[in-house]
Amino acid sequence: MSTIAINIAKVGVRIREAAQASARQSATIGLLAVSKTKPAAAVRDAYAAGLSDFGENYLQEALDKQQLLNDLPLVWHFIGPIQSNKTKPIAEHFSWVHSVDRLKIAQRLSAQRPSDLPPLNICLQVNVSGEASKSGCAAEELPALAQAVTQLPNIRLRGLMTIPEPTEDVAAQHAAFARLRNLQDGLNAELNLGLDTLSMGMSHDLEAAIAEGATWVRIGTALFGARDYPST
């Protein structure tokens, strides 16, 4: 087995144990492999080990990888910050976007989604920790944004995403993820949106995220090792 295959198996055990501890079915929790800064060969290894969903933060890197891997039936998720001038290729080349935090971006993705493709699955990114440096809409802006996004054609609002402030405090991890779940529960109750997706949890806190209802955990380091960022 490759190192990546071994790591995938280890993460799978963590997911199953966390689901069991929370009385959840592990089949309801998707493993999104975060492959940013990793070569196409690593994605190919992960696919051979059973993964099909891959998350990318950097558009050009993702498009290059997609070209190299177009022989594989992969599902691509865009999970990074979105600039207005990047929405067209995102709308054309991804199945999911987890990081929509303002209406303008949703409108552009809707308008630029090719008509021959299925609706683009969208998650609204929420800044649950209130960090000035983090992307994401504020909780109080969420109902109006969600309601507006659901009116747009060619995209489908699936749920919410968050990247809370990193902490080793397990209680704080739970609290941040519970805030996102409560926000989604509120949207479903008040606006009857039928949202079914909570994209939350990474390598260091996936157990807390699963306990609080995550349906996608976004895992990079635990699968592929530490990221290699280019020196500047």
**Cβ-Cβ under 6 Å pairs, at least 6 apart or on other chains, segment 1-22 side in contact (Cβ under 8 Å) with a residue 40 or more places away in the chain and closer than 11 Å to A49 by Cβ, far side in a helix (DSSP H, G or I) and small (G, A, S)** = I4/A46; V11/A222
**Complete:** Checked L109, L63, L51, L74 against criteria (of a type in the set (A, V, I, L, M) and farther than 24 Å from T215 by Cα); the one match is L63
**Exclusive hit being closer than 21 Å to S95 by Cα, touching a residue at least 40 places away in the same chain (Cβ under 8 Å) and part of a helix (DSSP H, G or I), set V149, V217** = V149
**Prompt:** In segment 1-48, how many residues are in a loop (DSSP other than H, G, I, E, B), polar (S, T, N, Q) and surrounded by fewer than 21 Cβ atoms within 10 Å (Cβ to Cβ)?
**Reply:** 4
**Request:** Check whether at least one residue in segment 69-83 is surrounded by 20 or more Cβ atoms within 10 Å (Cβ to Cβ), of a type in the set (A, V, I, L, M) and farther than 24 Å from N188 by Cα, and report yes or no.
**Result:** yes
**Request:** Filter segment 157-177 for residues that are in a loop (DSSP other than H, G, I, E, B), surrounded by fewer than 21 Cβ atoms within 10 Å (Cβ to Cβ) and not acidic (D, E) and give the result.
**Result:** P166, T167
**Request:** Kindly indicate whether W96 is of a type in the set (A, V, I, L, M, F, W, C) and under 18 Å from A40 (Cα atoms).
**Result:** no
**Message:** What's the total number of residues in segment 114-144 that are under 26 Å from A178 (Cβ atoms) and either among the hydrophobic types (A, V, I, L, M, F, W, C) or surrounded by 15 or more Cβ atoms within 10 Å (Cβ to Cβ) (or both)?
**Reply:** 20
**Request:** Filter segment 49-58 down to residues that are surrounded by 19 or more Cβ atoms within 10 Å (Cβ to Cβ) and of a type in the set (A, V, I, L, M, F, W, C) and give me whichever is nearest to L124 (Cα to Cα).
**Result:** F54
**Residues of segment 84-113 classified as of a type in the set (A, V, I, L, M, F, W, C) and either exposed (fewer than 15 other Cβ atoms within 10 Å of the Cβ) or farther than 14 Å from T150 by Cα (or both), total** = 6
**Message:** Here is a check on your reading of the model: is N154 surrounded by 15 or more Cβ atoms within 10 Å (Cβ to Cβ) and at positive phi?
**Reply:** yes
**Item:** Residue list for segment 49-90, restricted to those being part of a strand (DSSP E or B), of a type in the set (D, E) and touching a helix residue (DSSP H, G or I) at 6+ places or on another chain (Cβ under 9 Å)
**Value:** E56
**Prompt:** among the basic types (K, R), assigned to a helix (DSSP H, G or I) and more than 15 Å from L183 (Cβ to Cβ), is that true of K104?
**Reply:** yes
**Fill in**
Within segment 178-200, residues in a loop (DSSP other than H, G, I, E, B) and either over 21 Å from L152 (Cα atoms) or out of contact with any helix residue (DSSP H, G or I) (no Cβ under 7 Å at 6 or more places or on another chain) (or both) come out as N192, D196, M200
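Throughout, read-outs are computed from the coordinates displayed, never taken from laboratory work. Since the structure is predicted, the reported quantities are computational estimates derived from the model, not experimental observations. Note that each Cβ is placed from the backbone with ideal geometry, even for glycine, and that neighbours are counted across all protein chains shown.
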